[in-house]
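Have a look at the structure below before the remarks.
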Amino acid sequence: MEFWMAGTSPMAFALALAVTLFAGFVKGAIGFAMPMIMISAFSSFLPPETALAGLILPTVVANLGQAFRQGVAPALATIRRYWRTISATIIFIVISAQFVRVIPQDLFLFALGAPITLFAAAQLMGASLALKLQHRNRAEWALGVIAGLYGGISGVWGPPLLVFLLSIGADKVETVRVQGVVFLIGAVVLTTAHLQSGVLNAETVPFSLALVLPSLIGMALGQWVQDRLDQLRFRRWTQALLVLTGLNLMRRAVGL
């Protein structure tokens, strides 16, 4: 029993299932935050590498459904449109994943959480922080690099992409689909990288697989909610969750 649960106790495994169900619901409703919720909660009762391994396969499967929800053609169009962000994210996930055991995460997490919190909070208060169109290409590259760096280390690479999508005013359907496509490609790369790093191994892969079903159940419930959100409420929910994401990253950085 303990083998397929990656050495966890039955109580810890049950908690992991519950956390994954909730994380799937949030992802279904808003389109992101599943890895953030999972890694944050898991870290309180699982070893760091087990926590990271646990979120990887549910993330791959959930993003597969999210990316192709409108069909193959829209997903391929998204890849063509956002190829800069996708390329930078992939490259830097591969690079940073190799240093997951040696790079201190505290500084990275705080440096990511602080600007994300400020950006989303300012938008919630009505400030206009849209990127200038002439700088869009450079912004895509830069945010892709940042996303990849943090993704390989922590398994969380969504916030920089959300900052970009909020800045350009992407609508609800495009926002969710872009996240799904970018997150799916990044999740596949992250899986491959951590098969090489040793985080995913014969003990942790079955644990991660066991979390796929609750993630899908939660996501289906969340998508039912998402379909009933208008554009304004969707954007507000996204901004609010982004603030919470940034605060949580800073909380983890200071060890609270």
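Among the residues of the range 26-33, is any basic (Lys, Arg), touching a residue at least 40 places away in the same chain (Cβ under 8 Å) and assigned to a helix (DSSP H, G or I)? Yes, there is a match, as at least one residue in the range 26-33 is basic (Lys, Arg), touching a residue at least 40 places away in the same chain (Cβ under 8 Å) and assigned to a helix (DSSP H, G or I).
Criterion applied to ARG233, ARG252 was being under 17 Å from the mean Cα position of the chain (by Cα), surrounded by fewer than 23 Cβ atoms within 10 Å (Cβ to Cβ) and of a type in the set (D, E, K, R), and the one residue passing it is ARG252.
In the set LEU232, LEU195, only one residue is under 18 Å from LEU55 (Cβ atoms) and without any contact (Cβ under 8 Å) to a residue 24 or more places away in the chain; that residue is LEU195.
With respect to LEU211, determine if the residue is within 14 Å of the chain's Cα centre (by Cα) and in contact (Cβ under 8 Å) with a residue 60 or more places away in the chain. In short, no.
Bear in mind these aren't lab numbers, they're just calculated from the coordinates by the rules spelled out. Keep in mind that this is a model prediction, so the values were computed, not measured. Neighbour counts are summed over all protein chains in view; Cβ atoms, including those assigned to glycine, are modelled from backbone coordinates with ideal geometry.
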